[in-house]
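Q: Okay, here's the structure, questions in a sec.
Read-outs throughout are calculated quantities, based only on the coordinates presented, and are distinct from any laboratory measurement. For clarity, every value in this text was computed on a predicted model and none was experimentally measured. For neighbour counting, all protein chains shown are included, and Cβ atoms are generated from backbone atoms with ideal geometry for every residue, glycine included.
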Amino acid sequence: MAGGGLAPSNGEVKHYNGRVTSFVIVTCVIAATGGLIFGYDIGVSGGVTSMDEFLEKFFPSVLQQENKASGKNQWCQFDSQMLTSFTSSLYVAGLISTYFASMVTQAFGRKSSMLFGGAAFLLGSAINGVAMNVAMLIIGRILLGVGVGFANQAVPLYLSEMAPPQLRGALNMGFQMATTIGIFVAGLVNYGTGKLHAGYGWRISVALAAVPALIMTLGAVALPDTPNSLVERGLRDQAKATLRKIRGTDDVEAELQDMIEASEEAKKVSDPWSSILRPEHRPHLVMAIAIPMFQQLTGINVIMFYAPVLFKTIGFGDSASLMSAVISGLVNVFATTVSIATVDKFGRRVLFLEGGIQMVVSQVAVGAILGTFFGDAGTGKLSPALANLVLALICVYVAAFAWSWGPLGWLVPSEIFPLNIRSAGQSIVVGVNFLFTFIIAQLFLMALCHLKSGLFYLFAAFVVVMTLFVVFLVPETKGVPIEEMTLVWKKHWFWKKYILDDHITPSEHQRED
Ligand code: BGC
């Protein structure tokens, strides 16, 4: 991928001509609807799987189990591999299609991938909306997965290439912001349709995913492709015309020239996949795997997917359970803005560390309350006050995630790769993220049944490990020009052994001196 507007190779952050045009803002807002479809989908599945009418139609045995469970072991009432495959099938499809998306994105442009992703998503939501059996439901989910796989690969790239350099960080987090808005809207929709009791509420919930998908599909038809992608595909005149339009000036020669150079440089690396395995890229590879893996091991998607199910388990009524998802969804949106406002001031590490500690405290507290009052037999009952306290603690946890591992889990990997392995590195990040999302989605209800309140301690233990990982192994990247990131590793107590002097570019040498 060519890095438009990145710091050029002389190590200085160059300010290109032009201004922030309304054209580029509108373009980016439309593209960010890719985050909305990702988020809507995360939020919608937990709500529908807690609706009796949905269970009755597709998973009657789960409903029987649920009804029988009153007064018995509540921990296991939703344990069904079929039910979890409804949620997790999407991520397997997403995982596989992201690899193909990276090829389409490179060869045919970011716009083509967005168009394809939007159309697949649209079709998937239509099939889900009219689903008559489990097979249709799963086929719909797979198509949604293909949609998300393509969208998550292409949209962040599109945003960072379109954005003027001074807005790139904020726009990168804009994708996460759109994701949290999607989750929140899905919670609201589920709350509304859950009250219908007409047998088809869930259909409205799943079919409404077509709205953001339609915006992205039509948007992708109208959007221009990024100048970087046009340059990469040899369409220099078109690249120049687009650049003029998005920067609002005719004088775009310097930026265009840098794009051409960056693209030529990137083409020299015949195989980024073997390059990423070389010792000098060890820190990058470790981060590309560890950061998305840890993001998922915080357990966030237990809350995002299954909050209504979880709240039903601890004794909330149907409506209160769906409401709880709306509340935690709102906290998620607001806390993300905290991160956007502070990440370039306080840095990444402070947010990671504060968020980590806050998550451990709330997880341990939830585990202790459930363990004490609900008991491992799962036959206890939480008083309304205690159930509300659990909801409050879960909000404290969601807020911590939303200003730490949520946005940083995408931002930090995206800013550490050198240009030649950036595209391959980003594919690894998306793939690992979806793989662990799948694992959590598939195993959670079973793990809840077996580990009971101990599950919260398990996630707390993972957060302790990842917080120590940040303390010792994640360097601060705030304010470091992307093309000078190698120096950060070179100065790091552990990673420096992988970076030899000849891995440092002349411009980095200059800065080091
Ligand atoms: C994660 C998702 C998660 C969402 C919650 C994203 O950064 O990748 O898995 O559901 O945050 O807001």
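Q: Restricting to Cα pairs below 8 Å that are 6+ residues apart, what does the relative contact order work out to for the chain? Please round to a whole percent.
A: Relative contact order for the chain comes out at 25 percent.
Q: Would you kindly state how much longer the chain becomes between Val471 and Leu218 on full extension, computed as 0.36 nm times their sequence separation minus their alpha carbon distance, in nm to one decimal?
A: The Val471-Leu218 span can extend by a further 86.6 nm.
Q: HN-Hα J couplings of segment 463-468 from phi, Karplus 6.51/-1.76/1.60, θ = phi - 60°, integer Hz, Gly and Pro as x?
A: Those phi angles translate into 5, 4, 4, 5, 5, 5 Hz.
Q: Rounded to the nearest Å, what's the spacing between the alpha carbon centres of segment 212-242 and segment 416-493? Just the number, please.
A: Each part reduced to its Cα centre gives a spacing of 31 Å.
Q: A further question follows. Which order do the peptides 447-460, 318-331 come out in when sorted by mean C-beta neighbours inside 10 angstrom, highest first?
A: 318-331, 447-460
Q: Rounded to the nearest 10 degrees, what's the angle between the helix 348-373 long axis and the longest principal axis of the chain, both from Cα atoms, 0 to 90?
A: Tilt of helix 348-373: around 10 degrees.
Q: While we're here: Run the numbers for Val488 and Asp344: contour at 0.36 nm per residue of separation, minus the present Cα-Cα distance, in nm.
A: That works out to 50.2 nm of additional length.
Q: Let me ask something else. Which residue, Leu487, Phe469, Leu322, has the largest displacement toward the positive end of the dipole of the chain when charges sit on each Cβ (Lys, Arg +1; Asp, Glu -1)?
A: It is Leu322, whose Cα lies furthest towards the positive end.
Q: Within 13 Å, Cβ to Cβ, of Gly94, how many net charges do the neighbouring residues add up to if Lys/Arg are +1 and Asp/Glu are -1?
A: Taking every Cβ under 13 Å from that of Gly94, the sum is 0.
Q: Quick one: if the Förster radius is 60 Å, what FRET efficiency do Gln81 and Ala107 give, using the C-beta to C-beta distance and rounding to 0.05?
A: So the FRET efficiency works out to roughly 0.95.
Q: With axes computed from alpha carbons, what is the tilt in degrees of helix 282-297 against the longest principal axis of the chain, rounded to the nearest 10 within 0 to 90?
A: 20
Q: Spit out the partnerless Cys residues in the chain, using Cβ distances under 4.7 Å as the pairing rule.
A: Unpaired cysteines in the chain: Cys28, Cys395.
Q: What does the charge count around Leu382 come to, taking other residues whose C-beta lies under 15 Å from its C-beta (Lys +1, Arg +1, Asp -1, Glu -1)?
A: +2
Q: Next up: Taking the 0 to 90 degree range and rounding to the nearest ten, how far is the long axis of helix 300-313 tilted relative to the main principal axis of the chain, both from C-alpha atoms?
A: For 300-313 against the chain, the angle is about 10 degrees.
Q: For the peptides 334-341, 149-156, what is the packing order when you average, over each peptide's residues, the other Cβ atoms within 10 Å and list the highest mean first?
A: 149-156, 334-341
Q: Return the FRET efficiency for the residue pair Asp271, Ile439: r is the Cβ-Cβ distance, R0 is 41 Å, and the value is rounded to the nearest 0.05.
A: The value I calculate is 0.90.
Q: Diagonalise the Cα gyration tensor of the chain and give the resulting equivalent ellipsoid semi-axes, square root of 5 times each eigenvalue, largest first, whole Å.
A: Each semi-axis is √(5λ); the values are 41, 26, 18 Å.
Q: Among the listed pairs Lys245/Lys268; Lys345/Lys496; Lys111/Lys497; Lys57/Lys452, give every one whose C-alpha distance is greater than 32 Å.
A: Lys111/Lys497
Q: Loop-only trypsin sites (Lys or Arg not before Pro) in segment 201-261, please: DSSP not H, G, I, E or B, and at most 16 other Cβ atoms within 10 Å.
A: Arg233
Q: Continuing with this model, one more query. With labels modelled as points extended 7 Å from the Cα through the Cβ direction, what inter-label distance (nm, one decimal) is found for Arg282 paired with Thr21?
A: 4.7
Q: Please report, in debye to the nearest 20, how large the charge dipole of the chain is about its Cα centre when each Lys and Arg carries +1 at its beta carbon and each Asp and Glu carries -1 there.
A: 820
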